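Student: What follows is a structure written as structure tokens; I'll ask about it next.
The values are calculated or read from the model by the stated rules, or taken from the named source; none is laboratory data. These figures come from a predicted structure and were not determined experimentally. Here Cβ is always computed from backbone atoms with ideal geometry, including for glycine, and neighbour counts include all displayed protein chains. Just the protein is used for accessible areas: all its heavy atoms, side chains included, with ligands, DNA and RNA removed. Shrake-Rupley method; radii C 1.70, N 1.55, O 1.52, S 1.80 Å.
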2 protein chains.
Amino acid sequence: MSNGIGAHEVLIESPYHNKDISDLLPQEIESYLKMCCMRTADLIKDSRFKYIMVFRNYGSAAGASLEHPHTQLVALPMVPKNALEEIHGAQAYYNYRERCIYCDIIRQEIADKERIILENKYFISFCPFVSRFPFEIMIMPRQHSGYFYHISAEETAALAQILKDTLSKLKKVFVNLSYNYIIHSAPINGEVGVEYYHWHLEIMPKLTQVAGFEWGTGFYLDPTSPELAAQYLKAVKD
Amino acid sequence: MSNGIGAHEVLIESPYHNKDISDLLPQEIESYLKMCCMRTADLIKDSRFKYIMVFRNYGSAAGASLEHPHTQLVALPMVPKNALEEIHGAQAYYNYRERCIYCDIIRQEIADKERIILENKYFISFCPFVSRFPFEIMIMPRQHSGYFYHISAEETAALAQILKDTLSKLKKVFVNLSYNYIIHSAPINGEVGVEYYHWHLEIMPKLTQVAGFEWGTGFYLDPTSPELAAQYLKAVKD
């Protein structure tokens, strides 16, 4: 039940006004990711918080209201609607297959190959099979784990690298791109879902408008296949 | 269950390339609304269709992809997610109170007065108590009825007038406004929900961006209270 309690923090990724994440050094991105985890770990101590979301709006079309690049962290007294739907979906799949749906997605993407953009020891980045938007991207840890903030130092370095390289590719395909990314992590402080949930990062480039059809139905029209998007992104030279 | 069947029609409201609905004569809007009803009634004859949605994207920020003003009609082989959620909400309220939630909203809005923009014999237009967006507007029939396409000739004239006047006010407050409107009507051809559903029209002006917080949570941040929005709209001179 909601009770009017919450926290909202703005994380400044770097002192550089004109540098996006993709322009930072890997170790700078690592420090930023560590700070996201540290602030999450700190806020979890308040047992009234049931969900923590780390997200980033970059560019005016993505709703960024401060010009200096920044990330936001919100702590909420309930598990929000969209997170709950995702968790219920994962739970239904788990009950049916006795496996994590995200682990199965990773296996399928690696087997299919054609939607994968980048891979390293700990992460894969790919255009999801059922993308809602053109050039939608998921970055997913290979290791089954519900919580983003539990990542190890080695995983943090690997995430910094794949996030930098994925965003660099995206921004080379689309100049002046606005985008959002959201870290999807399991509910906290006694809320259910962590055992069958698998944290991940979703990048949503703002290339099309959400219009009447999407608002009315909750269904999404995507004019670009994820295979084609991945092909463009893979082809980008560093 | 979905089966790859559907229909998509584009309705041209008038021959005038530069006229929005608010610029048309009431009788022109009446003809347009009759056409929406006639096409719906015709498509319902195909029992594979379970939901028909009439919607309109006006302006590029609202995702309009054709420049000439137009309305779209889609017939779907399933009740879409967002419609289903609304219907389940109405059903839960009906089971709890034994009353239609929309009839109760109308009673409350009329009693409170401060969110109402316009009223006539058959319709009220108001900024809903829990608006998701600044200047969000609902036009609701006073008469309990699940289906938009069942409106009488007299109601059609009243809807044409309130739609014209409401949009005129909105467009005088915001020059070059982009907006969507969606007619929410009950499922068809044997799908449940019509007895406790109450059709209505929702206008969504595009004044802010949907950003990471909204995408991640499904919750909406609205910087303008519906009372303040209604006050601005009411104050507009014809």
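Student: When you look at the Cβ of every residue in A:217-223, what mean number of other chain Cβ atoms sits within 10 Å?
Tutor: Whole-number average of other-chain Cβ neighbours for A:217-223 is 4.
Student: Continuing with the same structure: Nm distances between the label at A:T224 and the same-position labels in the remaining copies, 7 Å along Cα→Cβ, shortest first?
Tutor: 3.2
Student: Using a 1.4 angstrom probe on heavy atoms only, work out the carbon and sulfur share of the accessible area of the protein assembly as shown in %.
Tutor: Roughly 54 percent, rounded to a whole number.
Student: Looking at the square roots a ≥ b ≥ c of the eigenvalues of the Cα gyration tensor of segment B:7-235, which shape do they give, rounded for a/c under 1.5, prolate if a/b is larger than b/c, or oblate?
Tutor: Rounded, since a/c falls under 1.5.
Student: Would you calculate, for chain B, the mean residue ellipticity at 222 nm contributed by helices, counting each DSSP H stretch of 4 or more residues as -39,500 (n - 2.57) and dividing by all residues, to the nearest 500?
Tutor: Helix-only estimate at 222 nm: -11500 deg cm²/dmol.
Student: Next question, about the same structure. Please work out the average accessible area per residue across chain A, using the 1.4 Å probe convention, and give it in Å².
Tutor: Values: 10770 Å² over 238 residues.
That works out to 45 Å² for each residue.
Student: Okay, next question. Please go through segment B:1-74 and write out the trypsin sites (Lys or Arg not before Pro) that DSSP classes as loop and that have at most 15 other C-beta atoms within 10 Å.
Tutor: Numbers: sites: B:K19, B:K34, B:R39, B:K45, B:R48, B:K50, B:R56; in loops: B:K19, B:K45, B:R48, B:K50.
Answer by residue number: B:K19, B:K45, B:R48.
Student: Also, quick follow-up: Placing a label point 7 Å from Cα toward Cβ, how far apart in nm is B:Y93 from its equivalents in the other copies, listed shortest first to one decimal?
Tutor: 3.4
Student: Follow-up question, since we're still on this one. With a Cα-only, solvent-free Debye model of segment B:20-91, what are the log10 I(q)/I(0) values at q = 0.15, 0.22, 0.28 Å⁻¹?
Tutor: Log10 I(q)/I(0), no solvent term: -0.68, -1.08, -1.17.
Student: Taking Cα centroids, how far is segment B:16-54 from segment B:153-211 in Å?
Tutor: 12
Student: Point me to the residue of chain B whose C-beta lies closest to the B-onto-A rotation axis, rounding the distance to whole angstrom.
Tutor: Chain B residue with minimal Cβ-axis distance: B:V210, 3.
Student: Give the calculated FRET efficiency between A:D42 and B:E154 to the nearest 0.05, with a Förster radius of 60 Å applied to their Cβ-Cβ distance.
Tutor: Given R0 = 60 Å and the Cβ-Cβ separation, E is 0.45.
Student: Could you compute the FRET efficiency for A:R99 and B:D112, with r as their C-beta to C-beta distance and R0 at 56 Å, rounded to 0.05?
Tutor: So, using R0 = 56 Å, E works out to roughly 0.60.
Student: Sticking with this structure for a sec: I need the inter-copy label distances for B:N189: point set 7 Å along Cα to C-beta, values in nm with one decimal, smallest first.
Tutor: Values, ascending and in nm: 4.8.
Student: Using the structure shown, select from A:K34/A:K237; B:K81/B:K121; A:K34/A:K171 the pairs with a Cα to Cα distance greater than 31 angstrom.
Tutor: Numbers: A:K34/A:K237 29 Å; B:K81/B:K121 33 Å; A:K34/A:K171 24 Å.
With Cα atoms farther than 31 Å apart: B:K81/B:K121.
Student: So for segment B:7-235, averaging the separation of alpha carbon pairs under 8 Å that are six or more residues apart and normalising by length, what relative contact order in percent results?
Tutor: Rounded, it is 27 percent for segment B:7-235.
Student: I would also like to ask the following. Using the Kyte-Doolittle scale, which helices in chain B average at least 0.0 and also have C-alpha atoms spread 18 Å or more along the helix axis, with helices defined as whole DSSP H runs?
Tutor: Answer set is B:26-44.
Student: What Cys residues in chain B have no fellow cysteine's beta-carbon under 4.7 angstrom?
Tutor: B:C36, B:C37, B:C127
Student: Further question: Of the residues A:I12, A:I116, A:I124, which exhibits the maximal mean-square fluctuation in a Gaussian network model of chain A defined by a 10 Å Cα contact cut-off?
Tutor: A:I12
Student: Still on this structure, I have one more. Counting other Cβ atoms within 10 Å, keep those with at most 12, restrict to DSSP loop, and tell me which GluC sites (Glu not before Pro) in segment B:50-103 are left.
Tutor: Qualifying residues, ordered by number: B:E67, B:E98.
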